[in-house]
Each structure stands twice: as structure tokens, then as C-alpha cells.
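In what follows, a structure is listed as C-alpha cells, so that the remarks can point back to it.
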Amino acid sequence: MVIELKLKLNYMPTEVRIDEKTKSHLEELQAEIRLRTGEKVTQQEILARLVRSAVTSRSEFVDTFREGKATLTDEEMMQFNQGQISSGLETDEDDIDEILYG
């Protein structure tokens with residue numbers, strides 16, 4: 001079942017269709033905000049803030065739509081790091097530049 005959620009953007013009504021699970025999550029957020037802050041907020045305010053947050057961290061948000069894994073599990077990170085060793089030498093930018101560019 002699809003629920004219609006009506007939003008007002010610049011005073012022009014716009015409809016966004018969301019499924020029941022998403023609507024339920026939105027209601028849970030609304031209830032938790034009221035419980036933790038004592039502030040009553042509308043679902044429209046929540047959605048507006050979520051969009052602003054996504055725009056602020058645009059790359060991270062866009063990456064959530066990529067196919068495949070976006071991050072490694074702790075086990076995968078441990079596996080990756082197992083082959084690394086420390087030489088005991090400190091490397092700074094000048095060293096890197098010298099190695100790369102001579």
C-alpha cells in the first residue's frame with residue numbers, strides 16, 4: 001500500500017508517494033524528536049531537514065545509491081590491515097614529493 005504525503009514547497013502543494021514502512025519510520029522520528037526535545041515538529045519539517053542534511057553531505061548521500069558495498073566490515077578492515085607493517089620511519093610531504101617527483 002502506498003501512502004501519499006503532501007508537502008508544501010514554496011507554497012505550492014507537491015505530492016510525494018512513500019510506502020507504509022517509510023511513513024512509519026517518519027512517524028517514529030517525529031515521536032522521538034518530541035520525546036527527546038519536547039518540541040512538536042511536523043513531518044514536513046523533518047523531511048526538509050533531512051533534505052538539507054543530504055545536500056550538506058552530498059557526496060556521502062549520493063554514495064548510498066551506488067551498487068555494491070560502500071563500506072568495509074570490521075573483519076574486512078582487519079584483513080586489509082594484516083599485510084601492513086611499520087618501517088619505523090616517519091614520512092612527511094617533502095619525502096613523498098621527492099619520491100614521486102625526484
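Since every read-out is calculated from the coordinates, none of them should be taken as a lab result. Computed from a predicted structure; not experimentally measured. Here the Cβ is made from the backbone with ideal geometry for all residues, glycine too, and neighbour counts use every protein chain on show.
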Run the dipole for the chain about the Cα centre, Lys and Arg Cβ at +1, Asp and Glu Cβ at -1, nothing else charged, and hand back the magnitude in debye, nearest 20.
-> 1340
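R0 = 35 Å: FRET efficiency of residue 15 with residue 78, Cβ-based, nearest 0.05? Numbers along the way, then the final one.
Values: r = 47 Å, r/R0 = 1.35.
Calculated value: 0.15.
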Using the charge dipole of the chain (Lys, Arg: +1 at Cβ; Asp, Glu: -1 at Cβ; taken about the Cα centre), state which of 79, 61, 37 has its Cα farthest towards the positive end.
-> 37
Note down the relative contact order for the chain as a percent, whole number, built from C-alpha pairs under 8 angstrom at least six residues apart.
-> 12
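Within the chain, which DSSP H helices have Cα atoms that stretch 18 Å or more along the helix axis and a mean Kyte-Doolittle hydropathy of at least 1.0?
On the way: long enough: 20-37 (25 Å, -1.22); 43-56 (20 Å, 0.22).
Answer set is empty.
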In a Gaussian network model over the chain where Cα atoms closer than 10 Å are linked, find which of 72, 29, 50 has the largest mean-square fluctuation.
-> 72
